[in-house]
Amino acid sequence: MAALPAPAPSRVLRGLDALNFFLADVRDGLGPYLAIYLVAVRGPEGGWDEATTGLVITLAGLVGLVAQTPAGALIDGSHRKRVIVIAAALAVTLSCLAIPFLHSFWAVAASQSLAAIAGAIFPPALAAITLGVVGPRLFARRIGRNEAFNHAGNAASAALAAGGAILVGPQVVFWLMAALAVLSIGAMLMVPASAIDDRQARGLAATPAEGTAQPSGLATLLADRPLLVFALLMAAFHLANAAMLPSLGQLLARGIGQEHATSLIALCILAAQCVMVPVALLAGARADRWGRKPLFLAAFGVLALRGFLYVLSDSPYWLMAVQLLDGIGAGLFGALFPVVVADLTRGTGRFNVAQGAIATAQGLGAALSASLAGGLIVAAGFDTAFLTLGGIAAAGFLAYWLFMPETRPAGGAADGGPPAAAAQPAE
């Protein structure tokens, strides 16, 4: 039996913790704050309503999803992953800092499209760096820890945004992003390039053996049925999930006024992120014991419940309480997604390109979600939009249950054996 790899130095692991913490708010760009800023601050007199804002988000999402697979391929083939992460962080931040100075629809759409292209780098890069540092045996637990620090970072930045918006207004989110970008670059530099095994980072064995297959191409990925099923399910999850928080922000802005909207949406994010931290840690610690499928079913079920509960009351206190459920669904999803992709691609050398291809499906779902919800809100109201999104999540729950196999590796698969799906074909 091959000797186990030596554990990564604690300084490197602390660097991963800091990277996920500080990059948390940078990787998603302005997120729901963009909808708040455009609808509540600029408003109809500036040419912005729920439909036009949703269209900007959709256009940026479409551009970003086209970039997902190339981003994964770039990470698979690169030996300079740290440089790529730093460049992407700078690009997202500069694109978002330009928003207060851009007034036309197309200028705003172009800036957010650039941010979306750069943002496509982060998910495969962070997962690849983690796999390259800790190896497959510790990957599930470490991804759970990554997500916990990511959510803690989102919670901290949301708290700062909530307080800062009261003192200086909604524009505080732009300066907060700039500060976090600088800190995330420092965190990335805490992880030396020598600590990242580039073969492990793409899903190959750390040491090449005679007869080991070369990394597979995208054509093989497209012929992989479990990966395609998983991609469709992830698209459904994001179709249901992506528009919920921005729509909630718009509902709060209408009900309580723009002067409080940014602070309340920041508090919603803060509350949900605080729930995500223990959920992500639990998912990472128990995914190998409980399996991936039950936890993913829970994520879909909670997402559906959230959509249905939003319509029961317009009270800000009720809406904020329901938003806590996002902490469960998103916490499970974030901790499990790269783990399932690693299960399905283990030993193939296409871990990151597979992440990018599936992220393309996710991005398509997320982009369509914004336009779908925005159109429904304008045509039929918020309740119709939330019920539709919840129904999509319920359909996703049923499809995952019926068509997605359990991907938890059996026996020695965790140490570089064949993908789990090869031993457990879809039912």
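Potential lengthening of the chain between LEU387 and SER104 amounts to 98.6 nm, from the contour at 0.36 nm per residue minus the alpha-carbon distance.
Solvent-accessible area assigned to carbon and sulfur over region 321-419 amounts to 74 percent, based on a 1.4 Å probe.
Give the ranking of HIS103, HIS238 by solvent-accessible surface, highest area first, calculated with a 1.4 Å probe. Show your work: numbers first, answer last.
Numbers: HIS103 135, HIS238 35 Å².
Order by accessible area, largest first: HIS103, HIS238.
How large is the accessible surface per residue of region 20-150, computed with a 1.4 Å probe and reported in Å² as a whole number?
Here the residues of region 20-150 average 36 Å² of exposed surface.
Extension gain, LEU55-LEU189: 0.36 nm per intervening residue step, less the Cα-Cα distance, totals 44.5 nm.
Computed from label points 7 Å out along Cα-Cβ, the spacing between TRP318 and LEU167 is 3.5 nm.
The values are calculated or read from the model by the stated rules, or taken from the named source; none is laboratory data. Keep in mind that this is a model prediction, so the values were computed, not measured. Counting neighbours? That spans all protein chains shown, and the Cβs are built from the backbone with ideal geometry, glycine included. Please note that ligands, DNA and RNA were not included when accessible areas were found on the heavy atoms of the full protein model with its side chains. Shrake-Rupley method; radii C 1.70, N 1.55, O 1.52, S 1.80 Å.
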